[in-house]
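Q: Below is one structure. I have some questions about it.
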Amino acid sequence: MDTPVGPGSAPSTRWQEVIAPGEDALYTRYAQQFAELQQRKSAQHGRGRALHRKQLLACLAELEVFGDLPDFARQGLFAQPGHYAAQVRLSNGGMDRTSDTTPDIRGFSLAVLGVLGDSALGIGPATRQCFALINQTQFAFPRSDEFVAFVVAASHGKGALLKYLVRRYGLFQGLGRLVRLARSLNKPFSGYATESFYSAAPIACGPYAVRVRLVPESGNGVPPSQIPTDWGADLSARLQQGPLTYLLGLQPFVDERITPIEDASVNWPTPYTDVARLTLPRQDMNAVQARALTQAVEAAVFDPWAALAAHRPLGDVMRARKVVYYESQKGRAAES
């Protein structure tokens, strides 16, 4: 496990969400914008998600929850040691189905099955606990309004994006933001077997708040010597040879100054505690069962709000995702 949180920075339950007046109406407008974007892109590529449209691989997994965890982590899914079946969806983050060699955010979504407890949406028992992770430690934007405006502008092409950035931030700040975003997208990616992934935004952990991290173990091997043209094929070849394992860790909120709930652009400095091991067992991704799983996962919901109430998502970015994801799921007739 990582080094425990030190004196003066103990996990705290004194976090608080700040909900702005008119937020529901704002999120409804975001959902409408994403629905229009998704409809346009589906006309080009076939029915699919607004973002993380290109599924690279779907595979089976197992999650082993450890025992003897600290109190802040011993909540919800992690309250007791145990084993769970799971499914994994790997994706490129973009709204188009571009080449894997194109710079992009990479997604690692995990659905833990067979969970017990009320749902985060308050609509009866939870059927799964989802974690939507990316290969970035934090979001590029502090709040949802900037993110949505950026994505909508980008969906109309580079020219429209540049005009939006200059109009909103001015010439020099707009260009500066574009350079920082490009640097983030061009961050070297070593592959799904060897890269770490992050929730980037917080979720509840019982009365505490945490962020989530997935770290590959050394037995997964080394990155490929050359960047492959198909990241899914790279992982598929590894799974043909043997299992891959990752440590799932939780990072606690300690105070609003260094671990803010509402600003998703801040990378929390508190250490992670490993709470579970995720195993992708050896599997033949060309088998009939694997092809059926690929279709099922593509149609399924991998949404941080498909979760236990004990792990409900927190903060503005996550609250916006609840509304936007639901509209996206309706638009592609997702199967829960």
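The values are calculated or read from the model by the stated rules, or taken from the named source; none is laboratory data. Owing to the predicted nature of the structure, the values given are computational and were not obtained by experimental measurement. So basically every Cβ, Gly included, is an ideal-geometry build from the backbone, and we count neighbours across all protein chains shown. The area values use the complete protein model at the heavy-atom level, side chains included, leaving out ligands, DNA and RNA. Shrake-Rupley method; radii C 1.70, N 1.55, O 1.52, S 1.80 Å.
Q: Please list, ordered by chain and number, the residues whose modelled amide H lies under 5 Å from the amide H of Asp118; skip anything fewer than 5 residues away on the same chain.
A: Counting only residues 5 or more places away or on other chains, the set is Ala126, Ala309.
Q: How many Å³ per residue does the convex hull of the Cα positions in the range 182-280 occupy?
A: Taking only Cα atoms, the range 182-280 has a hull volume of 123 Å³ per residue.
Q: Same structure, new question: Which length gain, in nm to one decimal place, applies between Thr101 and Leu116 when the Cα-Cα distance is subtracted from 0.36 nm times their residue separation?
A: Between Thr101 and Leu116, full extension yields 1.4 nm more.
Q: Straight-line reach from Lys187: which aspartates and glutamates fall under 16 Å, measuring Cα to Cα and dropping same-chain residues less than 8 apart?
A: The reachable aspartates and glutamates, counting only those whose Cα sits under 16 Å from Lys187, are Asp100, Asp104, Glu195.
Q: Still on this structure, please answer the following. Of the candidates Leu162, Leu247, Leu239, which one comes out as most mobile in a Gaussian network treatment of the chain with C-alpha springs shorter than 10 Å?
A: Greatest mean-square fluctuation among the candidates belongs to Leu162.
Q: What percent does the relative contact order of the range 1-128 come to when contacts are Cα pairs within less than 8 Å and at least six residues apart?
A: Numbers: 158 pairs, mean separation 24.9, N = 128.
With pairs under 8 Å counted, the relative contact order is 19 percent.
Q: Only sites in a loop by DSSP and with at most 11 other Cβ atoms within 10 Å count here; which GluC sites (Glu not before Pro) in the range 6-57 make the cut? Walk me through the numbers on the way to the answer.
A: Working: sites: Glu17, Glu23, Glu36; in loops: Glu17.
Passing sites in the range 6-57 do not exist.
Q: Please state the relative contact order of the chain as a whole percent: Cα pairs under 8 Å, 6+ residues apart?
A: It rounds to 27 percent for the chain.
Q: Quick one: order His156, His83, His311, His52 from most to least accessible surface, probe 1.4 Å.
A: Solvent-accessible surface, decreasing: His83, His156, His52, His311.
Q: In nm, what is the difference between 0.36 nm times the number of residues separating Arg40 and Tyr169 and their Cα-Cα distance?
A: 43.7 nm
Q: Please give the calculated 222 nm ellipticity per residue for the chain, where each DSSP H segment of at least 4 residues contributes -39500 (n - 2.57) and the sum is spread over every residue; nearest 500 deg cm²/dmol?
A: It comes out at -9500 deg cm²/dmol, rounded to the nearest 500.
Q: Please calculate the 1.4 Å probe accessible area of Leu171, with all protein chains present, and give it to the nearest 10 Å².
A: So the heavy atoms of Leu171 present about 90 Å² to solvent.
Q: Where in the range 77-170 are there trypsin sites (Lys or Arg not before Pro) that are in a DSSP coil and have at most 10 other Cβ atoms within 10 angstrom of their Cβ? Present the calculation step by step, with values, prior to reporting the outcome.
A: Values: sites: Arg89, Arg97, Arg106, Arg128, Arg143, Lys158, Lys163, Arg167, Arg168; in loops: Arg97, Arg143.
Loop-located and lightly packed - none at all.
Q: While we're looking at this one, here's another question. Using a Förster distance of 45 angstrom, determine the FRET efficiency expected from the C-beta separation of Asp145 and Gln241, and round it to 0.05.
A: 0.50
Q: Right, something else. Rounded, prolate or oblate, given the Cα gyration tensor of the range 207-336, with a/c below 1.5 counting as rounded?
A: oblate
Q: What is the antiparallel percent of DSSP beta bridges lying wholly in the range 1-131, to the nearest 5?
A: In the range 1-131, approximately 100 percent of DSSP beta bridges are antiparallel ones.
Q: For Ser9, what accessible surface area do you get with a 1.4 Å probe? Give it in Å², rounded to 10.
A: Rounded to the nearest 10, the figure is 30 Å².
Q: Compare Ala287, Ala306, Ala126 in a GNM of the chain, Cα atoms joined below 10 Å, and give the one with the largest fluctuation.
A: Result: Ala287 has the largest fluctuation of those listed.
Q: Reachable lysines from Lys330, Cα under 24 Å, same-chain residues fewer than 8 places away excluded?
A: Lys41, Lys54, Lys322
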